[in-house]
Amino acid sequence: MGKEIKVKREHKWQDPTMISENKLPARNLALPFGEGDAYSYDSSPYKLSLNGSWRFLWQQGLEQELPIARYCRPEYDDSSWDIFFFS
């Protein structure tokens, strides 16, 4: 059996598992608003939330690639695809 090797990292930024420290969560506050509109991030008519359930199909390689004309139709059966929930 192989021997486990530990690598000493001198800096936190050298650790690939370290993805955040002392920072706020990612967000985008750049929303357009019309002239004379009162700006409100929560009630902007230009904001579209993508929260909810989404269907995804994981495929490896391009050999079995689905033609976009097929799966973009409303009648396409995607019931075998995985469902992910976002909030």
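The values are calculated or read from the model by the stated rules, or taken from the named source; none is laboratory data. Remember, it's a predicted structure, so these values are computed and weren't measured experimentally. Cβ: placed from backbone, ideal geometry, glycine included. Neighbour counts: every protein chain shown.
Please find, within region 17-44, the residue that is modelled with the highest pLDDT out of those that are in contact with a Leu (Cβ under 9 Å, 6 or more places away or on another chain) and under 21 Å from Ser87 (Cβ atoms).
Ser44
I need a count of the residues in region 45-75 that are modelled with pLDDT of 75 or more and either in contact with a helix residue (DSSP H, G or I) (Cβ under 6 Å, 6 or more places away or on another chain) or among the small types (Gly, Ala, Ser) (or both).
Number of matching residues: 3.
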